[in-house]
Amino acid sequence: MPAFLAPIAVFLAQIIGPLTSRVLLALGIGVISLTGVQSGINALLNKVTTHFGGVAGDAASLITLAGFDVFFSLVISAYVGVISMKTLYGAYKRFGFGMGGDG
């Protein structure tokens, strides 16, 4: 092995362990939080579907005309987007890529 490759090999051997643990930790926490959010959203959607199943036909058509289904979809999508962005920002902080400033 050439002499100039030895320090590079030592450097890589020293950073592989901590780097791997950081990546796995960030992925694990992200998967756990995403699974929890997905479970909560599914429970909420099931509850809404169950409760609106007993609504009379005229009331259901009025709710549809008012755009409640679109409103509900937008609200749920906004919550999922915010949680995804917070999870992504948390992963950036765990990796040490801080967004600059006082992070």
Between a residue in segment 16-30 that is surrounded by 10 or more Cβ atoms within 10 Å (Cβ to Cβ) and modelled with pLDDT under 70 and any residue that is among the hydroxyl-bearing types (Ser, Thr, Tyr) and part of a helix (DSSP H, G or I), which pairs come within a Cβ distance under 9 Å, given they are 6 or more apart or on different chains?
Ala26/Tyr92; Ile29/Thr87; Gly30/Thr87
Identify the single condition in (1) modelled with pLDDT of 80 or more; (2) surrounded by 10 or more Cβ atoms within 10 Å (Cβ to Cβ); (3) more than 25 Å from Ile32 (Cα to Cα); (4) of a type in the set (A, V, I, L, M) that Val80 does not satisfy, given that it satisfies every other one.
(3)
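The values are calculated or read from the model by the stated rules, or taken from the named source; none is laboratory data. Since we're looking at a predicted model, the values are computed, not measured. Here the Cβ is made from the backbone with ideal geometry for all residues, glycine too, and neighbour counts use every protein chain on show.
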